[in-house]
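The values are calculated or read from the model by the stated rules, or taken from the named source; none is laboratory data. Predicted model only: the values in this text are computed from it and were never measured. For neighbour counting, all protein chains shown are included, and Cβ atoms are generated from backbone atoms with ideal geometry for every residue, glycine included.
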Amino acid sequence: MCRRTRWLRRLQPRSNVADLAPYAVGPHNTRGRRRREAPPVGRSEFQRDRDRIIHSTAFRRLEYKTQVFVNHEGDLFRTRLTHSLEVAQIARSAARTLQLNEDLVEAISLAHDLGHTPFGHAGQDALHHCMKPHGGFEHNLQSLRVVDLLEQRYAAFDGLNLCFETREGILKHCALKNARLLGDVGERFVRRRRPSLEAQLANLADEIAYNNHDVDDGLRSGLMAIEQLAQVGIFARHMKRVLREYPKIDPRRLVHETVRRMISTLVVDLTRQTAKNIKTHAPRSIDDVRAAPPLITFSAAIQHQQQELKQFLRLNLYQHHQVARMTNKARRIVSDLFHAFVTESRLLPPQYHEQAMADPARTVADYIAGMTDRYAMREHRRLFAVDEI
Ligand code: MG
């Protein structure tokens, strides 16, 4: 063995590949990249995907994009960036227990929100409304568009040239008419098949993360009171236990300790129920996983409690009148920007002019979707305030 080969051997990727279950995604069954590349040195293919995502421009922008609260409303609220990190942490813990590919769940989790517009769901709804005559706007599809096309950092290709399984995980949902246009990665929607277990896990880790951090942020903002949350089963149960153990605990710590225990309950329940599902359906390969019903699930009891919490957050936080006032403003900003740019594409930055000649509406949607909250507000002022330049 020559010196270079010995040296490369020592640099073999150290991940949990040796411990993977046969139905996990690994080097043996990946469908690879759209454009062939030399194998990575010192890291796995999915570690390389994760690294490319972290180095992307879209990833850095997540820091200034709304989760629920607009960026300038407070320094301590979750942003899309901290949300994505929390999703990755939850997904990795469960992946290790379930012998799934940690590197892949991490890559999917970090990339899952890359296509989100500024101002959260209000921004997405407004952009979708504007784009209806032009094929609509879906944030999952936009996340895929970012990693497949819009990131421009590599000499040899557009996008990040990620592995099939990472791209498949990013595309959580997709309208059938769009799925038909996507080739391999849209196929599962057409054939009604499931994605990898890693993709299923990242999806539920997303749910665990936002339900719990929205409780925390909602209470911190003062828009919800702890007495209201005490009406919600899962929160009440854990809060009572904490108070029994620590009767003099201060209110902020009470919230943190309760939320911490809720997350733990959900992750433990998910891993237990999933292990049961795997035992029942006995998948032996990734193909078996794709043909089976969803295998990463909560138990029926916990699923019910999650739904109750979601419903509570919808009524008391997402539809709170103070949140509604901000989302209404956000909708206006996105809609004003869209119509101004589509009507007069010369208002766009020069690098968009050529693309705008071919497809003005989609170009404007890409530009707006890439904006951070504060960039969108600044751009709105520049276009509409007569005393701004
Ligand atoms: Mg998310």
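Quick grid of which residues meet (1) without any contact (Cβ under 8 Å) to a residue 60 or more places away in the chain; (2) under 23 Å from the mean Cα position of the chain (by Cα); (3) farther than 18 Å from Asp373 by Cβ:
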site	(1), (2), (3)
Gln306	no, yes, yes
Leu313	no, yes, yes
Val334	no, yes, no
Phe338	no, no, no
Glu344	yes, no, yes
Leu348	yes, no, yes
Tyr352	yes, no, yes
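Each residue in the stretch 187-202 was checked for being surrounded by fewer than 21 Cβ atoms within 10 Å (Cβ to Cβ), in a helix (DSSP H, G or I) and not β-branched (Val, Ile, Thr), and 4 pass.
Among the numbered conditions (1) under 21 Å from Glu198 (Cβ atoms); (2) surrounded by 12 or more Cβ atoms within 10 Å (Cβ to Cβ); (3) modelled with pLDDT under 95, the only one that His28 does not meet is (2). Apart from one condition, Glu86 fits all of (1) away from the ligand (no atom under 15 Å from the Cβ); (2) under 17 Å from Leu204 (Cα atoms); the exception is (1). Remark: pairs (first residue in the stretch 14-32, of a type in the set (A, V, I, L, M); second residue at pLDDT below 90; Cβ separation under 7 Å; 6+ apart in sequence or on different chains) = Val17/Pro27.
For the stretch 167-182, a tally of residues being under 22 Å from Arg48 (Cβ atoms) and away from the ligand (no atom under 16 Å from the Cβ) returns 2. Can you confirm whether the stretch 348-358 contains a residue that is closer than 30 Å to Glu151 by Cα and small (Gly, Ala, Ser)? Yes, because at least one residue in the stretch 348-358 is closer than 30 Å to Glu151 by Cα and small (Gly, Ala, Ser).
For Ala122, the conditions (1) more than 16 Å from the ligand (Cβ to nearest atom); (2) aliphatic (A, V, I, L, M); (3) more than 26 Å from Gly26 (Cβ to Cβ); (4) buried (at least 24 other Cβ atoms within 10 Å of the Cβ) are fulfilled apart from (1). Do the conditions hold for Gln99, that is, is it surrounded by fewer than 21 Cβ atoms within 10 Å (Cβ to Cβ), at pLDDT 95 or above, over 25 Å from Ala361 (Cβ atoms) and away from the ligand (no atom under 15 Å from the Cβ)? So Gln99 passes the test. Taken residue by residue, the stretch 92-115 has at least one member that is without any contact (Cβ under 8 Å) to a residue 40 or more places away in the chain and under 22 Å from Thr30 (Cα atoms).
A count restricted to the stretch 234-253 and to residues that are under 23 Å from Leu315 (Cα atoms) and surrounded by 14 or more Cβ atoms within 10 Å (Cβ to Cβ) stands at 5. Look at the stretch 191-210: where a residue is among the aromatic types (Phe, Trp, Tyr) and a partner is within 11 Å of the ligand (Cβ to nearest atom), sitting 6+ places away or on another chain with Cβ atoms under 8 Å, you get Tyr210/Gln67; Tyr210/His83.
When the criteria are applied in full, Phe137 meets the requirement of being assigned to a loop (DSSP other than H, G, I, E, B) and either closer than 19 Å to Arg34 by Cβ or away from the ligand (no atom under 16 Å from the Cβ) (or both). Sub-7 Å Cβ pairs linking a first residue in the stretch 267-278 that is part of a helix (DSSP H, G or I) to a second residue that is basic (Lys, Arg), at least 6 apart or interchain, number zero. Among residues of the stretch 228-252 that are more than 20 Å from Asp217 (Cα to Cα), none has a Cβ under 6 angstrom from a residue that is in a helix (DSSP H, G or I) at a sequence gap of 6+ or on a separate chain.
Here is a yes/no grid of residues against (1) outside any helix (DSSP H, G or I); (2) away from the ligand (no atom under 13 Å from the Cβ); (3) farther than 16 Å from Pro195 by Cβ:
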residue	(1), (2), (3)
Ala91	no, no, no
Ser109	no, no, no
Pro118	yes, yes, yes
Ala126	no, yes, yes
Pro133	no, yes, yes
Leu141	no, yes, no
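If you go through the stretch 119-147 and keep only what is touching a Lys or Arg at 6+ places or on another chain (Cβ under 7 Å) and free of Cβ contacts under 8 Å to residues at least 60 places away in the same chain, you end up with Asn140, Leu144. Just to be sure, is Leu160 within 16 Å of the ligand (Cβ to nearest atom), at pLDDT 95 or above and hydrophobic (A, V, I, L, M, F, W, C)? Against the criterion (within 16 Å of the ligand (Cβ to nearest atom), at pLDDT 95 or above and hydrophobic (A, V, I, L, M, F, W, C)), Leu160 does not qualify.
Taking Gly115 and the conditions (1) out of contact with any His (no Cβ under 9 Å at 6 or more places or on another chain); (2) within 28 Å of Ala156 (Cα to Cα), which numbered condition does it fall short on, given that it satisfies the others? The single condition Gly115 does not satisfy is (1).
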